[in-house]
1. Residues of the range 161-176 being of a type in the set (A, V, I, L, M, F, W, C) and assigned to a strand (DSSP E or B), which ones?
2. In the list F357, F366, which residue meets the criterion of being assigned to a helix (DSSP H, G or I), closer than 18 Å to R273 by Cβ and modelled with pLDDT of 95 or more?
3. Within the range 195-230, work out how many residues are more than 24 Å from the chain's Cα centre (by Cα) and touching a residue at least 60 places away in the same chain (Cβ under 8 Å).
4. Output the number of residues of the range 87-111 satisfying the condition of being of a type in the set (S, T, N, Q), within 13 Å of the chain's Cα centre (by Cα) and part of a loop (DSSP other than H, G, I, E, B).
5. When residues of the range 217-273 are filtered for being over 30 Å from I350 (Cα atoms) and charged (D, E, K, R), how many remain?
6. Give just the number: which of (1) in the same structural domain as V326 (by TED's automatic domain parsing); (2) out of contact with any Gly (no Cβ under 7 Å at 6 or more places or on another chain); (3) under 30 Å from T316 (Cβ atoms) does R294 not satisfy?
7. Quick check on the range 115-154: of everything there that is without any contact (Cβ under 8 Å) to a residue 60 or more places away in the chain and of a type in the set (S, T, Y), which residue is nearest to D385 (Cα to Cα)?
8. Determine whether G183 is small (G, A, S) and modelled with pLDDT under 95.
Amino acid sequence: MNFDYSDKVKELQRRVHAFMDEHVHPNEATFVRQIATGDRWQPTQIVEELKAEARVQGLWNLFLPESEHGAGLTNLEYAPLAEIMGRSPMGSEVFNCSAPDTGNMEVLVRYGSAEHKKQWLAPLLDGKIRSAFAMTEPAVASSDATNIQASIRRDGDTYVLNGRKWWTSGAGDPRCRVMIFMGKSAPDNPDRYRQQSMILVPMDAPGVKVERLLNVFGYDDAPHGHAEVSFDNVRVPASNILLGEGRGFEIAQGRLGPGRIHHCMRTIGIAERSLEAMCKRLMSREAFGKQIARHNVWQQRVAQARIEIEQCRLLTLKAAYMMDTVGNKAARAEIAMIKVAAPNMALRIIDDAIQAFGAAGVCQDFPLAGAWAGIRTLRLADGPDEVHRNQIAKFEFQKYM
């Protein structure tokens, strides 16, 4: 495995770093202030301005591999760029590389019809609209997606949808125009992995209702948000089905593999920024007669943080390399391993950084508390740790069968 970055990637790293340093990081306070002023659920002016600038500079849709719509980067090439963007809470959106739009755009590129691409993919690629992914349900243990109870029933040239979803991230954004909805279209199929389908649902379809927006440890994540959404006899054209009936799990695996590793790439960026903040804080203050950075306990924590970041970065690159060379299915174990390792690593480092900042670390003056809340959800999003560990163990046992 060769993880050396090509000249093309090195140049993109330089450009993305420069954009972040010049435009994104200096405007983070403006971003927070604009959310807090007026209607929290309207897009912020600063992000819209920076999106226009990023597009002018050609730093747009970098996540799409082998596509005429993006930079044509492999997963391995995209990894260091996603890490840089992940350092800021608004970084990924500025480059039109934020979830869940990235995963939804990849679904449309791979599985969408020409009409789907014209109606939904094109405006998503342009950054004119946003999207959501409706999979998790409040009434069942959604860590086992075969539990999903929302229904997709064929009725002539339409499908009728009923059910309730939650943690539908992005549905609170007024720019959200379409959801990818997963439900059961053939509940009696003896193959439980062929019972589900995915279908495109416009947000303004009659019967779609955002019931409420959920907080994450007290954060509402406006204007993005995580919504509980009800579907009451929602009718959509039969042509909105993706790939065909019973293909929902197939699409989910194609979508969630890149989605999981993108989260891990961004998580490494957050961990790096937290370690940087911790080091600067420790070097700027004294306690018990000497610089805090000279206390052995902090040297141990900083050293361990560096070790764990490097370990996770290498595992992320290995998973990305395997996805590029042997495919997502063959890379399942590596994707599962990094999906467990990266959030847990980042949480330990953010927690140490909070400790280094003292009481300041848990208040709104610094981004550490918000970063911890966001990363903690990643131990649940796209499958909880326990499910991924089960899969890793199964792969391990198979070696000896």
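The values are calculated or read from the model by the stated rules, or taken from the named source; none is laboratory data. Everything numeric here is computed off the predicted structure, so don't read it as measured data. Neighbour counts are summed over all protein chains in view; Cβ atoms, including those assigned to glycine, are modelled from backbone coordinates with ideal geometry.
1. Once the filter is applied, which keeps residues that are of a type in the set (A, V, I, L, M, F, W, C) and assigned to a strand (DSSP E or B), the range 161-176 yields L161, W166, W167, C176.
2. Residue meeting the stated conditions: F357.
3. Number satisfying all stated conditions: 0.
4. Summing the residues that are of a type in the set (S, T, N, Q), within 13 Å of the chain's Cα centre (by Cα) and part of a loop (DSSP other than H, G, I, E, B) in the range 87-111 gives 2.
5. Number satisfying all stated conditions: 5.
6. Of the numbered conditions (1) in the same structural domain as V326 (by TED's automatic domain parsing); (2) out of contact with any Gly (no Cβ under 7 Å at 6 or more places or on another chain); (3) under 30 Å from T316 (Cβ atoms), the odd one out for R294 is (3).
7. This residue is S142.
8. So G183 does not fit the description; no.
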